[in-house]
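Taken together, the values in this text are just the output of simple stated rules run on the coordinates, not laboratory data. The shown structure was predicted, so the numbers you read here are calculated from the model rather than taken from an experiment. No Cβ is skipped: glycine too gets one built from the backbone with ideal geometry, and neighbour counts run over all protein chains shown.
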Amino acid sequence: MIKFTKGVILVMKRFFTAIGVIAAALALSFSAASSAAAAPRVPVDVPTPVKSRIESTTDTVPATTVVPASASEQRTCRARFSEGVNHRRLAEVGSTILEVIPAGTWVQVSCERGSGGEYSACGLTSDYWMEVFWNGAWGYSAWSCVQDWEYTS
């Protein structure tokens, strides 16, 4: 009788876990569909840098670029890194290191992340890079090491 009860409990756990996974997947799919239709917004908890050094919403933009109708000012951004990161000439691991940006230092950055060569830094593997202005030069640093990111204007 005990073996039968343990077996039934195990099957019931698996059954209810499967139902929970399906319900979560459905909830996420509805959430993604509704948020895709909503106006674009900047997430609070995850830095999502964007494309250029200064994002101008008044300049001519490509047809594929989505610009909110209410946007009419230039935007600049800044970030700080959780660890000291290499400031590289190109968005590739083998690129020349210009300097090391100390952890916690606020630096001017692009308002978009860009892709480049794959790297492992700050406990993550990624191919996203942040264009960074440091000590008079633009270069690239590991996006996975961004601790804080914000628009400055």
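Here are the numbers:
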{"read-out": "Among 124-133, 140-149, 97-106, the order from most to least packed when residues are scored by Cβ within 10 Å on average", "value": "140-149, 124-133, 97-106"}
{"read-out": "Nitroxide proxy distance, nm - points 7 Å out along Cα→Cβ at I9 and W106", "value": "5.6"}
{"read-out": "Convex hull of Cα atoms in the range 98-153, direction-averaged projection (nm²)", "value": "4.0"}
{"read-out": "Local electrostatic count, V107, Cβ distance below 10 Å [Lys/Arg +1, Asp/Glu -1]", "value": "+2"}
{"read-out": "Dipole magnitude of the range 99-153 about its Cα centre (Cβ charges: Lys, Arg +1; Asp, Glu -1), debye to nearest 20", "value": "60"}
